[in-house]
1. Inside region 89-135, can you point out the residues that are more than 22 Å from residue 46 (Cα to Cα) and of a type in the set (A, V, I, L, M)?
2. How many of the residues in region 89-145 are among the small types (Gly, Ala, Ser) and in a loop (DSSP other than H, G, I, E, B)?
3. Could you count how many residues in region 117-146 are within 14 Å of the chain's Cα centre (by Cα) and within 20 Å of residue 92 (Cα to Cα)?
4. With the checklist (1) within 12 Å of residue 11 (Cα to Cα); (2) modelled with pLDDT of 95 or more; (3) not in a strand (DSSP E or B) in hand, flag the one item residue 161 doesn't pass.
5. Are any residues in region 30-59 closer than 20 Å to residue 148 by Cα, outside any helix (DSSP H, G or I) and within 13 Å of the ligand (Cβ to nearest atom), and if so, which ones?
6. List pairs: first residue in region 36-54 and polar (S, T, N, Q), second residue in a helix (DSSP H, G or I) anywhere in the structure, Cβ distance under 9 angstrom, at least six positions apart or on different chains.
7. Kindly establish whether residue 103 is crowded, with 16+ Cβ neighbours inside 10 Å and either among the polar types (S, T, N, Q) or under 15 Å from the mean Cα position of the chain (by Cα) (or both).
8. Can you find a residue that is closer than 21 Å to residue 121 by Cα, surrounded by 20 or more Cβ atoms within 10 Å (Cβ to Cβ) and within 13 Å of the ligand (Cβ to nearest atom) anywhere in region 17-29?
Amino acid sequence: MHSRVLLIGFMGSGKTTLGSRLARSLNYDFVDMDQLIEKNAGMSIPDIFNEHGEAIFRKWEQKTLDELCKRELLVISTGGGAPCQSSMMEQMNQCGTTVYIYLSAETLLSRLQKSRTERPLLKDKSENELMEYIKWLLKEREHFYKKASLIVDGEKLTVDTLTKILKST
Ligand code: S3P
């Protein structure tokens, strides 16, 4: 098994919750890229988008990934847009075992309806616009996500199942 595991997938696919539990199960450290960026910047993701813009945020994602890939025994929960920037998906595949947590647009919608204000890309979308936007963005991003080493169905995924899958790689 690789000494680094990177969870990738759309906003709301459960990367952070699953990642912290997975790290405990594997006895690895856990880092959520967004939380680390927020800590280093001293401000929240919405404030980073407001004050610096998305392009700067994407640069910080790149820098954060570069740093994290130097560490060992680590589960990394990545931001939903990170694997879709330039060659970051290729870099992630070199960094460790990448796991795409797949969920349907319908499931993502029900999860994201509750938490969209925390997400700059979703906060201005009306109820009606949200489903169309999720479907469109998922389609744009899926070919990046599908380059992952493993693709798992996030619907009924448990940490035990994911641990077993990873230990068999
Ligand atoms: C983003 C996803 C967010 C965060 C930022 C941008 C995206 O992370 O990095 O709001 O482009 O999909 P989560 O996937 O953890 O919500």
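The values are calculated or read from the model by the stated rules, or taken from the named source; none is laboratory data. Being a predicted model, the structure only gives us computed values, none of them experimental. Methodologically, a virtual Cβ is constructed for each residue, glycine included, from the backbone with ideal geometry; neighbour enumeration extends over all protein chains shown.
1. Of everything in region 89-135, those that are more than 22 Å from residue 46 (Cα to Cα) and of a type in the set (A, V, I, L, M) turn out to be 89, 92, 99, 101, 103, 105.
2. Keep residues of region 89-145 that are among the small types (Gly, Ala, Ser), which gives 96, 104-105, 110, 115, 126.
Those left that are additionally in a loop (DSSP other than H, G, I, E, B): 96, 104, 126.
Selection size over region 89-145: 3.
3. 6
4. For residue 161, the exception is condition (1).
5. 31, 32
6. 40/60; 40/63; 40/64; 44/38; 44/118
7. Considered against the rule, which asks whether it is crowded, with 16+ Cβ neighbours inside 10 Å and either among the polar types (S, T, N, Q) or under 15 Å from the mean Cα position of the chain (by Cα) (or both), residue 103 comes out as yes.
8. no
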